[in-house]
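**Student:** Quick one: this structure, given as C-alpha cells, is what I'll be asking you about.
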Amino acid sequence: MNFLKIKMIVLISALALSSGVTFAHSVKCDNLTIAHPYATPTIGSGVIGAVYFMNIKNNGKEVDQLIGARTDASSNVEIHEMALENNIMKMRSVPEVQLPPGFEVTFKHGQANGYHLMLFDLKKPLKLGDKFPVTLKFRKAGECQAEVWVEAPKGEAHKH
C-alpha cells in the first residue's frame, strides 16, 4: 500500500470518528450473528441499565433460543419484552426469545414491541464510551461473549 493510500485511510478514519459515526460490530456464535451489542448511558448514579442489539440473526436451519445472559457489570440480567397493549407500554421478564431459522430478531432501544436485556444492580453507572462484556446463553449455540459499547441513543448524540 502506498503512502498516499495510507494517508487517505487515516484521514477518512479521523473524519468518521470526529463526526460521531459509530462503527458496527458483531459476534458470530455458531449459526447466530449478534449485531452491534450496545447499552445506553445510565442517568446519574443509576443502578439499572439495558443492553440492546441491532439484531440477532439465525443463519442456521434450526430454531434456537436466547435463554439467558450474564455480565460482571451487574448482579443480575433478565431478558425483557416490551409490548404496547391497549395503548399502555408494558415490560415483562421472559424466559427465552425464539430465534427462527433465517430470521432476525431485533433488540433495539426505543422499539415499541421488542426485547432487551435488563441489567440490575449495576456495579457502576454506564458512561458514554465505556465497554463491557456480556455472555449470552443460547439453547443450541451455547454460550457466546459479546462486547457491549455504551453509546448515546440514536438522535441524542449531542445531548450528552
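The values are calculated or read from the model by the stated rules, or taken from the named source; none is laboratory data. Keep in mind the model is a prediction, meaning the values are calculated, not measured. When we count neighbours, we look across all protein chains shown, and the Cβ atoms used for this are built from the backbone with ideal geometry, even at glycine. Ligands, DNA and RNA are excluded from the accessible area calculation, which covers all protein heavy atoms including side chains. Shrake-Rupley method; radii C 1.70, N 1.55, O 1.52, S 1.80 Å.
**Student:** Calculate, for the range 102-154, the solvent-accessible area per residue in square angstrom, rolling a 1.4 angstrom probe over the heavy atoms of the protein chains.
**Tutor:** 55 Å²
**Student:** Something else about it: Could you check the simple spin-label distance between Glu81 and Asp30, using points 7 Å along Cα→Cβ, in nm with one decimal?
**Tutor:** It is 2.1 nm.
**Student:** To the nearest 10 square angstrom, how much accessible area does Met82 have with a 1.4 angstrom probe?
**Tutor:** The accessible area of Met82 comes to roughly 40 Å².
**Student:** Still on this structure, I have one more. Given the pairs Lys108/Lys131; Lys90/Lys124; Lys28/Lys108; Lys61/Lys90; Lys28/Lys90; Lys28/Lys131, which are separated by over 22 angstrom at their Cα positions?
**Tutor:** From Lys108/Lys131; Lys90/Lys124; Lys28/Lys108; Lys61/Lys90; Lys28/Lys90; Lys28/Lys131, over 22 Å: Lys90/Lys124; Lys61/Lys90; Lys28/Lys90.
**Student:** Using a 1.4 Å probe on the protein heavy atoms only, what accessible surface does Glu104 show? Give it in Å² to the nearest 10.
**Tutor:** My reading of the accessible area for Glu104 is about 110 Å².
**Student:** As a test of reading the structure, rank Asp64, Asp121 by solvent-accessible area (1.4 Å probe, protein chains only), most first.
**Tutor:** Descending order: Asp121, Asp64.
**Student:** If you take the Cα Rg of the range 58-160 and divide it by 2.2 N^0.38 Å, with N the number of residues, what do you get?
**Tutor:** Rg over 2.2 N^0.38 Å, computed on Cα atoms: 1.16.
**Student:** Using a 1.4 Å probe, how large is the accessible area of Val47, given in Å² and rounded to the nearest 10?
**Tutor:** For Val47, solvent-accessible area is about 80 Å².
**Student:** Right, another one. Using only the Cα atoms of the range 60-102, build the gyration tensor, take square roots of its eigenvalues as a ≥ b ≥ c, and label the shape rounded, prolate or oblate: rounded if a/c is under 1.5, else prolate if a/b is larger than b/c, else oblate.
**Tutor:** Oblate.
**Student:** Sort Lys57, Lys140 from largest to smallest accessible area, using a 1.4 Å probe on the heavy atoms of the protein chains.
**Tutor:** So, going from the largest accessible area down, we get Lys140, Lys57.
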